[in-house]
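In what follows, a single structure is set out as structure tokens and then discussed.
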Amino acid sequence: MHEGKYKMTSMTGTLQKIDLDHHLHPFTDTKVLGEKGSRIITKAEGIYLWDSDGNKILDGMAGLWCVNIGYGRQELIDVAKKQMEELPYYNNFFMTTHPPAVDLSKELAKISPPQFNHVFFTNSGSEANDTMIRMVRHYWSILGKPEKKVIISRENAYHGSTLAASSLGGMKFMHSQGGVIHGVVHIDQPYWFKEGQDMSPEEFGMKTAQSLEDKIKEMGVDNVAAFIAEPVQGAGGVIVPPDSYWPEIQRICNEYEILLVADEVICGFGRLGQWFGSDHYNINADLMPIAKGLSSGYLPIGGLMVSDEIANVIIDKGGEFAHGFTYSGHPAACVVAQENIRIMKEEKIVEYVRETSGPYLQKRWNELGDSPIVGETRGIGMVAALEIVKDKESNEPFPEDAKAGFHCREFCFDNGLVMRAVGDKMIISPPLIMTESEIDELIDKAGRCLDLTAEKLGIN
């Protein structure tokens with residue numbers, strides 16, 4: 001145990017000690033956490049958080065890419081309470097259902113691209129991608145092609161943290177802890193700033209897209225089941241693909257009859273100024289994992305949107321699909337998700353992102369490119385990133401041991417802003433409801449923290 005690690009004179013210290021003694025955090029070095037102590041978040045309202053010491057913090061990450069309509073929406077609280085009073089839980093196994101799951105499935109079919117009229121409910125994006133793997137392989141097996149098992153993903157992609165989902169992802173540090181399931185391979189990512197500055201963005205987009213065609217030929221078209229990618233890579237560092245990328249990916253998938261999976265866990269539900277990232281890029285996907293913004297993070301829920309072509313085969317010829325979760329389509333989560341969608345429609349939040357908050361955020365975000373340590377700014381709608389560099393002329397990065405991104409993130413926390421570091425990339429994904437004055441506040445805080453980071457790193 002850790003007696004004496006923290007002074008037991010405040011609520012913060014007490015909670016930090018209990019946390020260290022009993023709570024293992026996700027994506028955390030617990031030894032380092034023990035030396036520093038957890039930040040204890042106690043309440044939230046709108047776009048702001050408060051910690052146990054009373055500090056007010058602008059949440060530039062919308063929780064974890066998910067609190068799209070902001071904190072404190074009483075409507076979501078009320079429908080959850082009402083549902084818990086009527087039917088707190090029942091499952092969707094064994095030819096049983098309940099109204100919340102039925103109603104939400106219909107609503108999702110209405111707002112999704114037209115080929116999607118069926119959804120398989122999960123509790124998270126990771127589970128949605130696990131489901132995708134099983135459904136894709138089941139689909140091809142039904143069609144008499146059981147050898148089509150290979151799923152192609154991208155380097156530096158993130159598709160969840162279960163063993164199957166982390167295998168889909170292209171993050172090697174995750175693969176080193178548990179390995180990779182059989183039949184998943186990776187290709188180049190469309191990361192122009194880091195990997196393509198020797199050619200134009202359009203040329204690079206075509207080149208990286210064509211690596212998919214090369215991999216299909218390498219693996220054998222008769223063995224390849226699907227290609228999965230986020231419209232914009234989120235956790236990889238907000239990697240916005242060149243305009244040439246997605247049309248070429250679509251052409252290749254169509255030509256070789258490879259299922260196209262658009263992972264909408266982050267990009268879905270208004271983040272890019274459309275209901276889905278697929279709408280923004282005109283992606284004609286066969287499967288679409290969803291989560292996060294589906295309920296604005298108020299309750300855990302995810303799903304896999306399934307195209308008519310796949311659903312009809314599975315329904316008509318597949319027999320029992322031996323897959324599911326105890327809480328698939330949880331009634332309280334379903335009513336919260338449906339109410340979240342209702343609010344987004346009524347308040348025209350998607351249109352607001354497309355026409356107002358998104359363009360304004362991108363305009364103000366680009367101004368951060370004037371910092372002596374920012375090599376690039378990029379983004380779409382209400383998601384953005386910047387690259388911290390040592391030399392703006394050459395885009396030379398800081399050495400890894402300089403921990404540039406880490407220092408910037410810490411300055412952000414100390415100055416009332418949540419901004420995430422992915423290596424030396426700083427990323428934001430704030431609530432979609434931000435006003436222009438709140439965006440100004442975010443940019444002012446981010447600029448101040450970049451100045452402090454530059455000073456710490458010895459850059460004038």
Taking 0.36 nm per residue of separation and subtracting the Cα-Cα distance, what length does fully extending LEU64 through LYS345 add?
-> 98.9 nm
Given pairs LYS81/LYS345; LYS56/LYS348; LYS392/LYS425; LYS36/LYS172; LYS17/LYS403 and cut-off 25 Å on Cα-Cα distance, the over-length ones are LYS56/LYS348; LYS36/LYS172; LYS17/LYS403
Describe numerically, in nm with one decimal, the distance between label points set 7 Å from Cα along Cα→Cβ at GLU255 and at THR14.
-> 6.6 nm
Counting only DSSP beta bridges with both residues in the chain, what percent are antiparallel, rounded to the nearest 5?
-> 70 percent
Which residue, chosen from MET174, CYS267, HIS118, occupies the Cα position most advanced towards the positive end of the dipole of region 74-346, where the dipole is computed from +1 (Lys, Arg) and -1 (Asp, Glu) charges on Cβ about the Cα centre?
-> MET174
Ranked highest first by the average count of other Cβ atoms within 10 Å around their residues, in what order do 77-88, 10-21 fall?
-> 10-21, 77-88
Starting with the fewest neighbours, write out VAL418, VAL102, VAL383 ranked by other beta-carbon atoms found within 10 Å of each beta-carbon.
-> VAL102, VAL418, VAL383
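Please sort 266-272, 355-361, 399-405 by packing, taking for each peptide the average over its residues of neighbouring beta carbons within 10 angstrom, highest first. Before the final figure, lay out the partial values.
Numbers: 266-272: 28.6, 355-361: 18.4, 399-405: 14.7.
Peptide ranking by packing, descending: 266-272, 355-361, 399-405.
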Within region 303-322: backbone nitrogen closer than 15 Å to the LYS145 label point (7 Å, Cα to C-beta) = 309-311, 313-314
Surrounding net charge for VAL150, when Lys and Arg each add one and Asp and Glu each subtract one, Cβ distance under 15 Å = +2
About the Cα centre of the chain, how large is the charge dipole given +1 on each Lys and Arg Cβ and -1 on each Asp and Glu Cβ? Please answer in debye to the nearest 20.
-> 940 debye
Of 282-288, 137-143, ordering from highest average Cβ density within 10 Å down gives 282-288, 137-143
Please label the shape of region 263-422 as rounded, prolate or oblate, based on the square roots a ≥ b ≥ c of the eigenvalues of the alpha-carbon gyration tensor (a/c under 1.5 means rounded; beyond that, a/b larger than b/c means prolate, else oblate).
-> prolate
Length released on extending from TRP50 to GLU400, taking residue separation times 0.36 nm less the Cα-Cα span = 122.8 nm
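We did not get these values from a lab; they are worked out from the coordinates using the rules stated. Given the structure is predicted, the values throughout are model-derived calculations rather than measurements. Neighbour counts run over all protein chains shown; Cβ positions are idealised from the backbone, glycine included.
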